[in-house]
Amino acid sequence: MSVYKILVDPDPVLRQKSLPVKNINAGILRVLENMRDTMYAADGVGLAGPQIGISKRIIVVDPGDNLLEIINPEIIDFEGERFGSEGCLSVPGKVGWLKRAQKIRVKGLNPKGESIELEATDMLAKVLQHEIDHLDGVLFPDKAIKIRTDSD
Ligand code: ZN
């Protein structure tokens, strides 16, 4: 098991737009495995490439019941609205109040390189939208209606 250091805002890598993965090679699979270990070690529910300094379109999420590892994820449909609170391992000490789509459809590749498409609602939809935002250099405070810091 190998755990990465998680970059923290205002690290400039967090603001870069990540590049699509062209080849799912051993290096990418190793990164995914380490991202998974890093997410669990940090008690997170999701982690995106840029958070560990790798500007590639890869995410791991696990809102509690199952692990998803998605390469080149893309949201192809948004439906409804849902307000909720969000935090981020890269924005420690802050919690934001945000509006997200209640239901989304996501397509991408699994670690075997197979095309996948899934529908997500509520908590999973929120985590996926948050992680996919990271791939475009977007952090939750950019979209938050309200932000609370631990010192408030
Ligand atoms: Zn985050």
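Just the residues that are within 19 Å of residue 133 (Cα to Cα), surrounded by fewer than 15 Cβ atoms within 10 Å (Cβ to Cβ) and of a type in the set (A, V, I, L, M, F, W, C), please, taken from segment 1-41.
Result: 8, 19.
Within segment 135-152, which residues are near the ligand (Cβ under 10 Å from one of its atoms) and either in contact with a Cys (Cβ under 7 Å, 6 or more places away or on another chain) or at pLDDT below 95 (or both)?
Within segment 135-152, 139, 140 qualify.
Every residue in segment 124-147 that is over 22 Å from residue 7 (Cβ atoms) and over 13 Å from the mean Cα position of the chain (by Cα), please.
The answer is 145, 146.
Are there any pairs, at least 6 apart or on different chains, whose C-beta atoms fall under 8 Å, with the first in segment 113-133 and more than 13 Å from residue 86 (Cβ to Cβ) and without any contact (Cβ under 8 Å) to a residue 12 or more places away in the chain and the second away from the ligand (no atom under 12 Å from the Cβ) and outside any helix (DSSP H, G or I), and if so, which?
Between residues of segment 113-133 that are more than 13 Å from residue 86 (Cβ to Cβ) and without any contact (Cβ under 8 Å) to a residue 12 or more places away in the chain and residues that are away from the ligand (no atom under 12 Å from the Cβ) and outside any helix (DSSP H, G or I), the close pairs are 115/107; 115/108; 115/109.
Of a type outside the set (Gly, Ala, Ser), touching a residue at least 24 places away in the same chain (Cβ under 8 Å) and within 18 Å of residue 14 (Cβ to Cβ) - does that describe any residue in segment 78-88?
Yes; the residues of segment 78-88 include at least one that is of a type outside the set (Gly, Ala, Ser), touching a residue at least 24 places away in the same chain (Cβ under 8 Å) and within 18 Å of residue 14 (Cβ to Cβ).
Considering each of 86, 74 in turn, give the residue that is in contact with a Phe, Trp or Tyr (Cβ under 7 Å, 6 or more places away or on another chain) and at pLDDT 95 or above.
86
May I ask you to list the residues in segment 91-114 that are part of a strand (DSSP E or B) and among the hydrophobic types (A, V, I, L, M, F, W, C)?
Across segment 91-114, the qualifying residues are 95, 97, 98, 104, 106, 109.
For segment 89-134, enumerate the residues that are within 12 Å of the ligand (Cβ to nearest atom) and under 21 Å from residue 66 (Cβ atoms).
89, 126, 127, 128, 129, 130, 131, 132, 134
One line per residue, one yes/no per condition, for (1) modelled with pLDDT under 95; (2) more than 13 Å from residue 109 (Cβ to Cβ); (3) among the hydrophobic types (A, V, I, L, M, F, W, C):
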{"site": "17", "(1), (2), (3)": "no, yes, no"}
{"site": "21", "(1), (2), (3)": "no, no, yes"}
{"site": "28", "(1), (2), (3)": "no, no, yes"}
{"site": "37", "(1), (2), (3)": "no, yes, no"}
{"site": "42", "(1), (2), (3)": "no, yes, yes"}
{"site": "48", "(1), (2), (3)": "no, yes, yes"}
{"site": "55", "(1), (2), (3)": "no, yes, no"}
{"site": "62", "(1), (2), (3)": "no, yes, no"}
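Can you go through 57, 82 and tell me which one is closer than 28 Å to residue 30 by Cβ and basic (Lys, Arg)?
57
Residues to consider are 131, 69, 117; find the one that is surrounded by 16 or more Cβ atoms within 10 Å (Cβ to Cβ) and not in a helix (DSSP H, G or I).
69
Quick one: in segment 1-56, of everything that is small (Gly, Ala, Ser) and not in a loop (DSSP other than H, G, I, E, B), which residue is farthest from the chain's Cα centre (by Cα)?
26
The values are calculated or read from the model by the stated rules, or taken from the named source; none is laboratory data. Since this is a predicted model, take the numbers as computed values, not measurements. For neighbour counting, all protein chains shown are included, and Cβ atoms are generated from backbone atoms with ideal geometry for every residue, glycine included.
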